[in-house]
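Note sheet for the following structure.
The values are calculated or read from the model by the stated rules, or taken from the named source; none is laboratory data. The structure presented is a predicted model; accordingly, all values stated were derived computationally and were not measured. FYI the Cβ positions are ideal-geometry reconstructions off the backbone, even for glycines, and counts take in every protein chain you see.
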Amino acid sequence: MSTLYTAIATASGRDGRAVSSDGRLDVALARPAELGGDGAGTNPEQLFAAGYAACFTSAMQLVAARMNLDVADASVTAEVGLRPNGKGGFGLTVTLRAELPDHLSPEEGRKLLDATHEVCPYSNATRGNIPVDVVVE
């Protein structure tokens, strides 16, 4: 299969800059205060959370259209945690919180999110690598 799109970005570390090849993304990076930094910039976990939330929402819209469900007012919040992995390194945890329209039943919402989790590229990339909890709000 051919690649549909390739994003390219360069970063100089947790305290530096991240810039995309087209210049549309250009952000200051800084360690969060919780990790001993000044928190004056964004960090990889925030960038991952934003990307995962956007990707999962887009995948949800695609899946909802296939299921003939209206999710125009839906949104997804991603919480990305950083923790020691017990081997001298670090790992991530993710909680995806989906706010779904009131007209969807709990069963419809659960089926939608389960199907979305199978379609989303971020979910497919993380499956089996990090814990991801998908919650209906």
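All told, Leu96 meets the bar of being surrounded by 15 or more Cβ atoms within 10 Å (Cβ to Cβ), at pLDDT 95 or above, outside the structural domain of Ala18 (by TED's automatic domain parsing) and not in a helix (DSSP H, G or I). Per the listing Val19, Val27, the residue uniquely modelled with pLDDT of 95 or more and closer than 24 Å to Cys120 by Cβ is Val27.
Per-residue answers, yes or no, for (1) under 25 Å from Leu4 (Cβ atoms); (2) hydroxyl-bearing (Ser, Thr, Tyr):
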{"site": "Ala64", "(1), (2)": "yes, no"}
{"site": "Met67", "(1), (2)": "yes, no"}
{"site": "Ala78", "(1), (2)": "yes, no"}
{"site": "Thr116", "(1), (2)": "yes, yes"}
{"site": "Arg127", "(1), (2)": "yes, no"}
{"site": "Pro131", "(1), (2)": "no, no"}
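Give the residue that is surrounded by the fewest Cβ atoms within 10 Å (Cβ to Cβ), with candidates limited to residues of segment 117-126 that are under 13 Å from the mean Cα position of the chain (by Cα) and in contact (Cβ under 8 Å) with a residue 12 or more places away in the chain. Selected residue: Pro121.
Can you go through Ala64, Ala72, Ala78 and tell me which one is assigned to a helix (DSSP H, G or I), within 30 Å of Thr116 (Cβ to Cβ) and not assigned by TED's automatic domain parsing to the domain that holds Thr10? Full working, then the answer.
On the way: Ala72 fails: assigned to a helix (DSSP H, G or I); Ala78 fails: assigned to a helix (DSSP H, G or I).
Result: Ala64 is the single residue among Ala64, Ala72, Ala78 that is assigned to a helix (DSSP H, G or I), within 30 Å of Thr116 (Cβ to Cβ) and not assigned by TED's automatic domain parsing to the domain that holds Thr10.
For segment 34-43, indicate whether the set of residues that are surrounded by 15 or more Cβ atoms within 10 Å (Cβ to Cβ), of a type outside the set (Phe, Trp, Tyr) and outside any loop (DSSP other than H, G, I, E, B) is non-empty. Yes, segment 34-43 has at least one match. Evaluating Gly23 against the criteria (1) surrounded by 13 or more Cβ atoms within 10 Å (Cβ to Cβ); (2) in a loop (DSSP other than H, G, I, E, B); (3) not hydroxyl-bearing (Ser, Thr, Tyr) leaves one unmet condition, (1). Comparison of Leu82, Leu35 shows that the only residue that is of a type outside the set (Gly, Ala, Ser) and at pLDDT 95 or above is Leu82. The residues of segment 44-61 that are surrounded by 17 or more Cβ atoms within 10 Å (Cβ to Cβ), closer than 14 Å to His117 by Cα and under 11 Å from the mean Cα position of the chain (by Cα), listed by number, are Tyr52, Ala53, Cys55, Phe56, Thr57.
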